[in-house]
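What follows is a single structure, written as structure tokens, with notes after it.
The values are calculated or read from the model by the stated rules, or taken from the named source; none is laboratory data. Treat the numbers as computed from the prediction; the structure is a model and nothing was measured. Quick reminder, even Gly has a Cβ in these numbers, built from the backbone with ideal geometry, and neighbours come from all protein chains shown.
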Amino acid sequence: MRVLVADHPLIAHKLTVLRDKNTPSPVFRQLTEELVTLLAYEATRQVRVEPVNIETPVTSTVGTGLVKPTPLVVPILRAGLGMLEGMTRLLPTAEVGFLGMARNEETLEAITYAERLPEDLTGRQVYVLDPMLATGGTLIEAFKFLFDRGAADITCICLLAAPEGLAKLEAVHGARDNVHVVLASIDEGLNEKSYIVPGLGDAGDRLYGVV
Ligand code: URA
């Protein structure tokens, strides 16, 4: 498993505004998309490409095209949905599947409540979107789901991670070279309610309100 913390002053700046509890939902949503686009640039360095022949107005040349089937982007509902636009802005030809997962706030276990994904993901390159890697439970379940369907490699884009969640993911997927995590920051840790500290609060609530 490879973890990359994207190091860029604009990412740090946008993340700071995102963390601020006074940042209103519309700005939070806009910044989330902008951050994801910046993270997606790093996360897609290994996207599969092949040579393609094209004609420019001047001559024939060989360029670069995405290999088909194009990558599958999987936002984890609910909060991952706020990351989708930012990702598809960079990868407009990607297909999009959905996984609805929530954590039971008492047991902290991840439950899958909805799924709309191809049955067969054999050989597919998958990009998972989930803003908060807290305990790691949701991502461990999501990765298992996707690998069970045949996914070839998984890159997860998160805004923040807690060291505890990364360690849990490492314990399960550490030996794999086909799991990547791209982040804007690794924070200090989890509080007693398993919120990331300093974090940004409940990402789903800040994007979509408390429902
Ligand atoms: N999920 C969130 O939205 N925020 C956290 O801090 C942890 C999990």
Open item on the list: Of the residues Thr93, Thr135, Thr112, Thr122, only one is in contact with a Gly (Cβ under 6 Å, 6 or more places away or on another chain), away from the ligand (no atom under 16 Å from the Cβ) and polar (S, T, N, Q); which?
Closed with: Thr122
Open item on the list: Need pairs with beta-carbon distance below 6 Å; first residue in a strand (DSSP E or B) and within region 76-101, second basic (Lys, Arg); sequence gap 6+ or separate chains.
Closed with: Phe98/Arg116
Open item on the list: If Pro163 satisfies all but one of (1) of a type outside the set (D, E, K, R); (2) modelled with pLDDT of 95 or more; (3) within 13 Å of the ligand (Cβ to nearest atom); (4) over 24 Å from Gln125 (Cα atoms), what's the number of the condition it fails?
Closed with: (3)
Open item on the list: Exactly one of these conditions fails for Leu133: (1) at pLDDT below 95; (2) surrounded by 19 or more Cβ atoms within 10 Å (Cβ to Cβ). Give me its number.
Closed with: (1)
TODO: Would you mind telling me which numbered condition in (1) among the acidic types (Asp, Glu); (2) closer than 27 Å to Ala94 by Cα; (3) within 9 Å of the ligand (Cβ to nearest atom) Asp148 fails?
DONE: (3)
Task: Lone unmet requirement of (1) among the acidic types (Asp, Glu); (2) at pLDDT 95 or above; (3) touching a strand residue (DSSP E or B) at 6+ places or on another chain (Cβ under 8 Å) for Asp202 - done: (3)
- [ ] Could you list, in sequence order, all residues of region 197-211 that are more than 16 Å from the chain's Cα centre (by Cα) and either crowded, with 18+ Cβ neighbours inside 10 Å or more than 7 Å from the ligand (Cβ to nearest atom) (or both)?
- [x] Val197, Pro198, Gly199, Leu200, Asp205, Arg206, Tyr208, Gly209, Val210, Val211
Open item on the list: Here's a check for you: in region 107-124, which residue that is among the charged types (D, E, K, R) and exposed (fewer than 11 other Cβ atoms within 10 Å of the Cβ) is farthest from Pro71 (Cα to Cα)?
Closed with: Glu119
Open item on the list: Thr44 - would you say it is of a type outside the set (A, V, I, L, M), closer than 18 Å to Pro92 by Cβ and touching a Ser or Thr at 6+ places or on another chain (Cβ under 6 Å)?
Closed with: no
Open item on the list: Restricting to region 167-183, and then to whatever is under 20 Å from Leu35 (Cα atoms) and out of contact with any Lys or Arg (no Cβ under 8 Å at 6 or more places or on another chain), can you tell me which residue is nearest to the ligand (Cβ to nearest atom)?
Closed with: Leu183
